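To start, the structure itself, in structure tokens.
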Amino acid sequence: GGRRPNLSPEFIAEFGEKLGLAFVPDGVGELKKTFGPEDVFHYAYAVFHSPTYRSRYAEFLKIDFPRLPLTSDRKLFARLCALGSELVGLHLLERVPAPGAKYPQAGDSVVDKPRYKPPTDEAAGRVYLNNDQYFDNVPPEVWESHVGGYQVCEKWLKDRKGRTLSYEDIETYRKITEALRQTVRLMGEIDAAIPAWPLG
């Protein structure tokens, strides 16, 4: 019988009434008359990536599950759905723009002791695998990005200590750095899109 959304009927009814939209049980709606479970997921994904949401509710987030504020503003809902969808594509590494990070020279690609060299007038930020080999053009905010308690760019390399990175590994790391770069941008756009808290 197809996919069924894991959303309570009460939640669907409340959100649908606030938005004035009918719920379709699979995929996405067209956001003028209908919305779907994937729209709800994308909306939630965007809200939970709002820096203001995270700082405003920091104390509650330490002790409880995140609570999703619902909006009655269809335009805001559609905008957050679009931003959330873009984030999901980035985090699955399915829709990542051409990476800005480079791997500019051939050589020993064995991961030894990852370290970061901040940008200078002469060079962009660099992530070193060992004494000589590095990824170039990695901004500090990308290197310092955390997911949960982990610093993503550092942990990915530390988990591969002693290994020689393959071409696919190098390309994956470049994609990760770009996904993080775009995430930083999108988090700013999410905050800019939300006019005030709490959402109404």
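The values are calculated or read from the model by the stated rules, or taken from the named source; none is laboratory data. Owing to the predicted nature of the structure, the values given are computational and were not obtained by experimental measurement. Every residue, glycine among them, receives a Cβ derived from its backbone with ideal geometry; neighbour counts consider all protein chains shown. Note: areas computed on protein heavy atoms with side chains; ligands, DNA, RNA excluded. Shrake-Rupley method; radii C 1.70, N 1.55, O 1.52, S 1.80 Å.
Data table
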{"quantity": "Selection from segment 111-142 of residues that are touching a Leu at 6+ places or on another chain (Cβ under 7 Å) and either of a type in the set (Gly, Ala, Ser) or open to solvent by less than 70 Å² (accessible area, probe 1.4 Å) (or both)", "calculated": "Val111, Pro114, Leu129, Val142"}
{"quantity": "Any hit, segment 110-118, residues being at pLDDT 95 or above and touching a Ser or Thr at 6+ places or on another chain (Cβ under 9 Å)", "calculated": "yes"}
{"quantity": "Which listed residue, of Phe23, Phe77, is aromatic (Phe, Trp, Tyr), in contact (Cβ under 8 Å) with a residue 12 or more places away in the chain and open to solvent by 30 Å² or more (accessible area, probe 1.4 Å)", "calculated": "Phe23"}
{"quantity": "Failed item in (1) outside any loop (DSSP other than H, G, I, E, B); (2) touching a Leu at 6+ places or on another chain (Cβ under 6 Å), with Glu38 passing the rest", "calculated": "(2)"}
{"quantity": "Lys75 being over 30 Å from Pro195 (Cα atoms) and of a type in the set (Lys, Arg)", "calculated": "no"}
{"quantity": "Out of Leu68, Leu83, Leu61, sole residue that is among the aliphatic types (A, V, I, L, M), in contact with an Asp or Glu (Cβ under 9 Å, 6 or more places away or on another chain) and more than 30 Å from Gln133 (Cα to Cα)", "calculated": "Leu83"}
{"quantity": "Residue among Glu144, Glu168, Glu122 that alone is charged (D, E, K, R) and either within 21 Å of the chain's Cα centre (by Cα) or under 30 Å from Leu76 (Cα atoms) (or both)", "calculated": "Glu144"}
{"quantity": "Residue, farthest from Tyr116 (Cα to Cα), within segment 185-200, restricted to residues that are modelled with pLDDT of 95 or more and open to solvent by 20 Å² or more (accessible area, probe 1.4 Å)", "calculated": "Ala193"}
{"quantity": "Condition check for Phe60: touching a Leu at 6+ places or on another chain (Cβ under 7 Å), outside any loop (DSSP other than H, G, I, E, B) and either of a type in the set (Asp, Glu) or closer than 30 Å to Gly20 by Cβ (or both)", "calculated": "no"}
